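A.B. asks: Questions regarding the structure given below will be posed in turn.
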Amino acid sequence: MTTRRFHANAYLDGNWWMVEIPEVNGLTQAKKLTEVTLMAREFIAVTLDIPIDSFEIELTIERVHDLDVAQRVAKIQNEKALAAEYERQATEESQILARDLANQKLTVREIGVILGVSHQRAHQLLSA
């Protein structure tokens, strides 16, 4: 059984966090950011007359006063994902080169020097 998921979009307006819940055309508020998810959860449970723990909340912080937080967070997450993919590719290329160098009868220490890593890391690359 799939758990139902609701989206909550929060933004700081003055001293209050306003929480929009589009699926139920709802708007609630919280004094603290740490209370936003609970307030959204309570609003949905009361509005739909369902148990408070029967669904998930996907929270997006839209903005803090006039700062567009959501767009910037999305950009950061995208850049982190790209960096992780580049890291994976670099590791794969390092493993291939380490094996090629080992096939040329170079020692693990020599492979480490060429790759700019410790001989322990060179050994890990060869063992992977």
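A short reminder: the numbers here are calculations on the coordinates, not readings from a lab. In this text, all values refer to a predicted model and were calculated from it rather than measured experimentally. Cβ: placed from backbone, ideal geometry, glycine included. Neighbour counts: every protein chain shown.
A.B. asks: How charged is the neighbourhood of Leu125? Take every other residue with its Cβ under 15 Å from the Cβ of Leu125, and add Lys/Arg as +1 and Asp/Glu as -1. Working shown, then result.
C.D. replies: Values: positive: Arg88, Arg99, Arg109, Arg121; negative: Glu87, Glu92, Glu93, Asp100, Glu110.
That sum, taken over residues with Cβ under 15 Å, equals -1.
A.B. asks: In addition: Would you work out which of His65, Phe55, Leu27 lies farthest towards the positive end of the dipole of the range 4-65? Charges go on Cβ: Lys and Arg +1, Asp and Glu -1.
C.D. replies: So the residue furthest toward the plus end is His65.
A.B. asks: What order do you get for Glu35, Glu87, Glu20 when you list them from fewest to most C-beta neighbours inside 10 Å? Provide the component values of the computation, followed by the final result.
C.D. replies: Numbers: Glu35 14, Glu87 10, Glu20 17.
In increasing order of surrounding Cβ atoms, one gets Glu87, Glu35, Glu20.
A.B. asks: Please work out the C-alpha center-to-center distance from the range 80-99 to the range 1-34 and express it in whole Å.
C.D. replies: When both Cα centres are located, 39 Å separates them.
A.B. asks: Beyond 12 Å, what percent of the Cα pairs of the range 83-127 remain?
C.D. replies: Numbers: 538 of 990 pairs.
Roughly 54 percent, once rounded to a whole number.
A.B. asks: Based on DSSP H runs of at least 4 residues, each adding -39500 (n - 2.57), what is the mean residue ellipticity at 222 nm of the chain after dividing by all its residues, to the nearest 500 deg cm²/dmol? Before the final figure, lay out the partial values.
C.D. replies: Numbers: 4 runs with 65 residues, N = 128.
Calculated mean residue ellipticity at 222 nm is -17000 deg cm²/dmol.
A.B. asks: Could you calculate, for the chain, the ratio of the Cα radius of gyration to the Kirkwood radius, expressed as Rg to Rh? Can you show the working numbers first?
C.D. replies: Details: Rg = 24.8 Å, Rh = 18.6 Å.
A ratio of 1.33.
A.B. asks: Quote to one decimal, in nm, the extra length available between Arg109 and His65 on full extension: 0.36 nm per residue of separation minus the C-alpha distance between them.
C.D. replies: On the way: separation 44, 0.36 × 44 = 15.84 nm, distance 5.51 nm.
Taking 0.36 nm per residue and subtracting the Cα distance, the gain is 10.3 nm.
A.B. asks: Roughly how big is the chain's charge dipole about its Cα centre, with Cβ charges of +1 (Lys, Arg) and -1 (Asp, Glu), in debye to the nearest 20?
C.D. replies: Details: 14 positive and 19 negative charges, 126 e Å.
My answer is approximately 600 debye.
A.B. asks: Classify the range 4-65 as rounded, prolate or oblate, taking a ≥ b ≥ c as the square roots of the eigenvalues of its Cα gyration tensor: rounded when a/c is under 1.5, otherwise prolate if a/b is larger than b/c and oblate if not. Spell out each step's value before the answer.
C.D. replies: Details: a/c = 2.04, a/b = 1.85, b/c = 1.10.
Verdict is prolate for the range 4-65.
A.B. asks: Still on this structure, please answer the following. Using a 10 Å cut-off around each Cβ, can you sort Phe55, Phe6 from fewest to most neighbouring Cβ atoms?
C.D. replies: Values: Phe55 16, Phe6 19.
Ordered by Cβ neighbours within 10 Å, fewest first: Phe55, Phe6.
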